[in-house]
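J.: Could you have a look at this structure, given as structure tokens, before my questions?
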Amino acid sequence: MNALEHWVGDTSRFFSTYWRQSPHIFEPPGGASSPFTLGDIDAALGSGFFHEPYLEMWADDSRLPFRNYTSPRTVAGERPGGFVDTSKVRGLLDEGATLLLRNVDQWHAPTRRLLTRLAGELGREIEAFFFVTPAGRAGLPLHRDDADVLVVQVSGSKHWSVHEGPADGNWGAGRVRRGEAQPTEIMKAVLRQGEVLYIPRGFAHRATGQDGLSAHLSLTIREVGSADLAESLRECLAQDLQVAARPVSDATLSDAGAALLETARDRLAALTPEALITHARRRGVERMPGTPDSLSLVELAAAWPARGGAADDGPGDAGAGASTGTEHGPGAGRRPAESATA
């Protein structure tokens, strides 16, 4: 079973009936599982390293100032700010504020692995966000996302109001302002634990906590726009050009210009709209965070030879304390560094 099928069931029906057309709630057998849970929030915030802007708090349709839920720390005599203060976060939750965790895939490995699989299946850039909302309180204001959204309810339940999508391509993502034409509501539903809600790109929506402490994971499936296509067109026409970087005369500069134009014409004639769109989507997927290289300090420590070379001394080795010009590792044979507290 692929990653999308686990959440929406029959993927052929999903694309033919709902994709970019209408919102829908899916009820996977046994419930959809989320790679990120409330316990993962506790672990992340409990580390003491969590920092804004990965965490935001919202109340009354507005993002609260960072200072309301972060505090400075003393590090090496300095007082950097922005560290998440769990006591302040808990106090705001008790008052009805919503907790929003941004780009979970950048710092939570299981979520990153899920998104990598989904991006491979869909060929589009995907990001992950996590919301925690007290019962009876709204999260973000009515807004549109420049992405198709898959929501899995992790804890409690949440009431969703989904409104119609934009009439044409001249629309913007973000809050639906009260002074502008309000989109017609087309769905009112309660999402329960293990259920999945699909919201098409650009369809305005708003969620309110229903029962218990409501928590959900949102996966935003990004689509390219005209600006992305223009950037991909530039790359397709300009990549691997075989011309001199700095022509030294007017004549050779003119020759370089002619060669560039000829190459661009040939490439443009061969380029199809589908290839351009695929190129732009691939650029988005390549922006997604990959698995970071591990320092492997445990392995390094286990493999690091004993200091002083005693374990390597043998019949053909230099005498103890003699310098052979060969180091066993970084800093081997050097004078020990002075203590940081000296």
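J.: Which of the residues spanning the range 276-293 are out of contact with any Cys (no Cβ under 8 Å at 6 or more places or on another chain) and assigned to a helix (DSSP H, G or I)?
T.: Of the range 276-293, the ones out of contact with any Cys (no Cβ under 8 Å at 6 or more places or on another chain) are 277-278, 280-293.
Passing the criteria: I277, T278, A280, R281, R282, R283, G284, V285, E286, R287.
J.: Please state which one of H51, H24, H6 is of a type outside the set (D, E, K, R) and within 21 Å of G165 (Cβ to Cβ).
T.: Values: H51 fails: within 21 Å of G165 (Cβ to Cβ); H6 fails: within 21 Å of G165 (Cβ to Cβ).
Going through H51, H24, H6 in turn, the sole match is H24.
J.: Considering the range 9-21 alone, what residues qualify as being open to solvent by 40 Å² or more (accessible area, probe 1.4 Å) and within 21 Å of W160 (Cα to Cα)?
T.: The answer is T17, R20, Q21.
J.: Do we have any residue at all in the range 164-178 that's at pLDDT 95 or above, under 18 Å from E127 (Cα atoms), of a type in the set (A, V, I, L, M) and in contact with a strand residue (DSSP E or B) (Cβ under 7 Å, 6 or more places away or on another chain)?
T.: no
J.: Any residue at all in the range 219-236 that is surrounded by 14 or more Cβ atoms within 10 Å (Cβ to Cβ), assigned to a loop (DSSP other than H, G, I, E, B), of a type in the set (D, E, K, R) and within 26 Å of the chain's Cα centre (by Cα)?
T.: Looking for residues that are surrounded by 14 or more Cβ atoms within 10 Å (Cβ to Cβ), assigned to a loop (DSSP other than H, G, I, E, B), of a type in the set (D, E, K, R) and within 26 Å of the chain's Cα centre (by Cα), one finds at least one in the range 219-236, hence yes.
J.: Here is a follow-up. Tell me, which strands (runs of 3 or more DSSP E) wholly within the range 131-215 include 1 or more residues that are over 25 Å from the mean Cα position of the chain (by Cα)?
T.: Working: elements: 147-155, 157-163, 185-192, 196-199, 205-209.
Once the strands (runs of 3 or more DSSP E) in the range 131-215 are filtered for at least 1 residues that are over 25 Å from the mean Cα position of the chain (by Cα), what remains is 157-163, 185-192.
J.: Check whether at least one residue in the range 182-192 is basic (K, R) and closer than 23 Å to I221 by Cβ, and report yes or no.
T.: Scanning the range 182-192, I find at least one residue that is basic (K, R) and closer than 23 Å to I221 by Cβ, so the answer is yes.
J.: From the set of residues in the range 62-87 that are surrounded by 14 or more Cβ atoms within 10 Å (Cβ to Cβ) and out of contact with any strand residue (DSSP E or B) (no Cβ under 7 Å at 6 or more places or on another chain), which is farthest from R175 (Cα to Cα)?
T.: The qualifying residue farthest from R175 (Cα to Cα) is T86.
J.: Can you tell me which residue is farthest from P273 (Cα to Cα) among those in the range 237-257 that are open to solvent by less than 70 Å² (accessible area, probe 1.4 Å) and in a helix (DSSP H, G or I)?
T.: In this case the residue turns out to be A251.
J.: Name every residue in the range 92-129 that is surrounded by 16 or more Cβ atoms within 10 Å (Cβ to Cβ), under 11 Å from the mean Cα position of the chain (by Cα) and not in a loop (DSSP other than H, G, I, E, B), in order of residue number.
T.: Within the range 92-129, L101, V104, D105, T111, R112, L115, T116, I126, E127, A128, F129 meet the criteria.
J.: When both residues are 6+ apart or on different chains and their Cβ atoms are under 7 Å apart, which pairs have a first residue that lies in the range 1-17 and is without any contact (Cβ under 8 Å) to a residue 60 or more places away in the chain, and a second that is part of a helix (DSSP H, G or I) and of a type in the set (A, V, I, L, M, F, W, C)?
T.: Correct list of pairs: T11/L4.
J.: Could you check, for the range 3-15, whether at least one of its residues is within 21 Å of E195 (Cβ to Cβ) and part of a loop (DSSP other than H, G, I, E, B)?
T.: Yes, the range 3-15 contains at least one residue that is within 21 Å of E195 (Cβ to Cβ) and part of a loop (DSSP other than H, G, I, E, B).
J.: Does the range 281-297 contain at least one residue that is of a type in the set (A, V, I, L, M, F, W, C), surrounded by fewer than 13 Cβ atoms within 10 Å (Cβ to Cβ), out of contact with any Lys or Arg (no Cβ under 9 Å at 6 or more places or on another chain) and over 30 Å from G139 (Cα atoms)?
T.: Applying the first criterion (of a type in the set (A, V, I, L, M, F, W, C)) to the range 281-297 yields 285, 288, 295, 297.
Those left that are additionally surrounded by fewer than 13 Cβ atoms within 10 Å (Cβ to Cβ): 295, 297.
Right, trim to out of contact with any Lys or Arg (no Cβ under 9 Å at 6 or more places or on another chain) and you get 295, 297.
Okay, now just the ones that are also over 30 Å from G139 (Cα atoms), so 295, 297.
Within the range 281-297, one or more residues are of a type in the set (A, V, I, L, M, F, W, C), surrounded by fewer than 13 Cβ atoms within 10 Å (Cβ to Cβ), out of contact with any Lys or Arg (no Cβ under 9 Å at 6 or more places or on another chain) and over 30 Å from G139 (Cα atoms).
J.: Out of all the residues in the range 29-45, is one or more under 30 Å from S71 (Cβ atoms), open to solvent by 60 Å² or more (accessible area, probe 1.4 Å) and either in a helix (DSSP H, G or I) or touching a residue at least 12 places away in the same chain (Cβ under 8 Å) (or both)?
T.: First, the residues of the range 29-45 that are under 30 Å from S71 (Cβ atoms): 34-45.
Next cut, open to solvent by 60 Å² or more (accessible area, probe 1.4 Å) only: 42-43.
Now drop any that are not either in a helix (DSSP H, G or I) or touching a residue at least 12 places away in the same chain (Cβ under 8 Å) (or both), which leaves 42-43.
Within the range 29-45, one or more residues are under 30 Å from S71 (Cβ atoms), open to solvent by 60 Å² or more (accessible area, probe 1.4 Å) and either in a helix (DSSP H, G or I) or touching a residue at least 12 places away in the same chain (Cβ under 8 Å) (or both).
The values are calculated or read from the model by the stated rules, or taken from the named source; none is laboratory data. The model shown is predicted, which means the values in this text are computed figures rather than measured ones. A quick note on method: Cβ atoms are made from the backbone with ideal geometry, for glycine too, and the neighbour counts reach across all protein chains shown. Side chains are part of the model used for accessible areas, which takes the heavy atoms of the whole protein and leaves out ligands, DNA and RNA. Shrake-Rupley method; radii C 1.70, N 1.55, O 1.52, S 1.80 Å.
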